[in-house]
Structures are given as structure tokens and as C-alpha cells.
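Asker: Quick one: the structure is below, and I'll ask about it shortly.
The values are calculated or read from the model by the stated rules, or taken from the named source; none is laboratory data. Bear in mind that the values here come from a model prediction, so they are computed numbers and not experimental data. For neighbour counting, all protein chains shown are included, and Cβ atoms are generated from backbone atoms with ideal geometry for every residue, glycine included. SASA here: full protein model, heavy atoms, side chains in, ligands and nucleic acids out. Shrake-Rupley method; radii C 1.70, N 1.55, O 1.52, S 1.80 Å.
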Amino acid sequence: MIIQVCENYQPSKEIRNSYLLPTIDLHKLACTLKQWRQNYRTRNALFELSDGQLKDIGLSRVQAHKEARKPFWIT
């Protein structure tokens, strides 16, 4: 995709004939996916805790359900 800054701009022939691919940081992607998986697992685990276990970690049932209902990609 070529973004034109002004109306008169014409990209060079090399730019028109090349593919502009986004750069992907694979390490950052892997870390993000790992974090999302951890969020998913820990939030699902909150549903399984007893009231006593929730009290031990300082959460009420309402707080645990609120946290557990968050999408995995939200931190």
C-alpha cells in the first residue's frame, strides 16, 4: 500500500512495481501470544476457585467473575 502525501505525488516505477510488506517482529509476536494464552488460562481458573480460595487471594466472587469475563487480549 502506498500512501500519497499530496495530490501531485507519483511514486517511482520501482515503488509501483514492488511489494511493500510490513516488518514483523517474531519475538514480540511470540511474547504477545504467550501472554494471551496465560491470560486465558488464569481467567478461566478464577471461575473454578472456591470462595475460600478467592478470599485467600483478596478477591470477591464478583471481582473474580468481572476479571474472568475480560477477553484474553485485554491486560
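Asker: (1) open to solvent by less than 90 Å² (accessible area, probe 1.4 Å); (2) at pLDDT 80 or above: which one isn't true of Cys6, the others all being true?
Answerer: (2)
Asker: Yes or no: segment 16-35 includes at least one residue that is at pLDDT below 65, open to solvent by less than 60 Å² (accessible area, probe 1.4 Å) and of a type outside the set (Val, Ile, Thr).
Answerer: As a first pass, look at segment 16-35 and keep what is at pLDDT below 65: 16-21.
When the remaining residues are screened for being open to solvent by less than 60 Å² (accessible area, probe 1.4 Å), the result is 18.
Now restrict to residues that are of a type outside the set (Val, Ile, Thr): 18.
Checking segment 16-35: at least one residue is at pLDDT below 65, open to solvent by less than 60 Å² (accessible area, probe 1.4 Å) and of a type outside the set (Val, Ile, Thr).
Asker: Sort out which residues of segment 62-75 are surrounded by 12 or more Cβ atoms within 10 Å (Cβ to Cβ) and assigned to a helix (DSSP H, G or I), and write them in order of number.
Answerer: Gln63, Ala64, His65, Lys66, Glu67, Ala68
Asker: Do we find that Leu59 is in a loop (DSSP other than H, G, I, E, B) and either open to solvent by 80 Å² or more (accessible area, probe 1.4 Å) or touching an Asp or Glu at 6+ places or on another chain (Cβ under 8 Å) (or both) in this structure? So that I can check it myself, show each step before the final result.
Answerer: Values: in a loop (DSSP other than H, G, I, E, B): yes; either open to solvent by 80 Å² or more (accessible area, probe 1.4 Å) or touching an Asp or Glu at 6+ places or on another chain (Cβ under 8 Å) (or both): yes.
When the stated conditions are applied, Leu59 passes them.
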